[in-house]
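Visitor: If you scroll down you'll find the structure; I have some questions about it.
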């Protein structure tokens, strides 16, 4: 019985942490999307290279995207989200930038990988929380209780 309680507490903490992490990342992404709609502009870009970041065993491929700004200058930005497999050069991605302020870093906006990890964390965390609910139900409905 005490092992079950320890497992339920562990799954509760892990599930709650994963759901909180995923939800906070999605909320931050939505907040940034709203901010980008109020100022700046989004232009098409194309992946021109791959930048590898991280340690040799944990290295991630980040797309280097070229785009043309409002002055006709070609600029590049490295995407914040990296993956194990490199993005294909030539792939089209949208880039947001602020033409009024060159100090604001451009952002690759339509990279689905930035949504995948938070959604996965919410799904796995929700599953852990369901296991906790099932454990509580099992304890409460056990014969001889």
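The values are calculated or read from the model by the stated rules, or taken from the named source; none is laboratory data. Every value quoted in this text rests on a predicted model; they were computed, and no experiment measured them. So basically every Cβ, Gly included, is an ideal-geometry build from the backbone, and we count neighbours across all protein chains shown.
Residue-by-condition table, conditions (1) within 22 Å of residue 116 (Cα to Cα); (2) out of contact with any helix residue (DSSP H, G or I) (no Cβ under 6 Å at 6 or more places or on another chain); (3) in contact (Cβ under 8 Å) with a residue 60 or more places away in the chain:
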position	(1), (2), (3)
3	no, yes, no
19	yes, no, yes
48	no, yes, no
51	yes, yes, no
61	yes, yes, no
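Visitor: While we're on this one: Residue 145 - would you say it is farther than 23 Å from residue 20 by Cβ and modelled with pLDDT under 85?
Guide: On the way: farther than 23 Å from residue 20 by Cβ: yes; modelled with pLDDT under 85: yes.
It is true that residue 145 is farther than 23 Å from residue 20 by Cβ and modelled with pLDDT under 85.
Visitor: In the stretch 81-98, how many are at pLDDT 80 or above, under 21 Å from residue 29 (Cα atoms) and part of a loop (DSSP other than H, G, I, E, B)?
Guide: 1
Visitor: Are any of the residues in the stretch 23-40 part of a helix (DSSP H, G or I), at pLDDT 90 or above and farther than 18 Å from residue 96 by Cβ? It would help to see each step written out before you state the result.
Guide: The initial filter retains those residues of the stretch 23-40 that are part of a helix (DSSP H, G or I), namely 23-38.
Still in the list and also at pLDDT 90 or above: 23-24.
Pick out the ones that are also farther than 18 Å from residue 96 by Cβ and you get 23-24.
Yes, because at least one residue in the stretch 23-40 is part of a helix (DSSP H, G or I), at pLDDT 90 or above and farther than 18 Å from residue 96 by Cβ.
Visitor: When you scan the stretch 102-122, how many residues do you find that are in contact with a helix residue (DSSP H, G or I) (Cβ under 8 Å, 6 or more places away or on another chain) and either assigned to a helix (DSSP H, G or I) or modelled with pLDDT of 90 or more (or both)? It would help to see each step written out before you state the result.
Guide: So the first thing to find is which residues in the stretch 102-122 are in contact with a helix residue (DSSP H, G or I) (Cβ under 8 Å, 6 or more places away or on another chain), and the list is 107, 109, 114-115, 117-122.
Imposing the further condition that a residue be either assigned to a helix (DSSP H, G or I) or modelled with pLDDT of 90 or more (or both) reduces the set to 114-115, 117-122.
Summing the residues that are in contact with a helix residue (DSSP H, G or I) (Cβ under 8 Å, 6 or more places away or on another chain) and either assigned to a helix (DSSP H, G or I) or modelled with pLDDT of 90 or more (or both) in the stretch 102-122 gives 8.
Visitor: Suppose we keep only residues that are more than 23 Å from the chain's Cα centre (by Cα) and part of a strand (DSSP E or B) within the stretch 68-80. Which one would you say is surrounded by the most Cβ atoms within 10 Å (Cβ to Cβ)?
Guide: Of all residues in the stretch 68-80, those more than 23 Å from the chain's Cα centre (by Cα) come to 68-75.
Right, trim to part of a strand (DSSP E or B) and you get 68, 74-75.
On the way: 68: 13, 74: 10, 75: 16.
My answer is 75.
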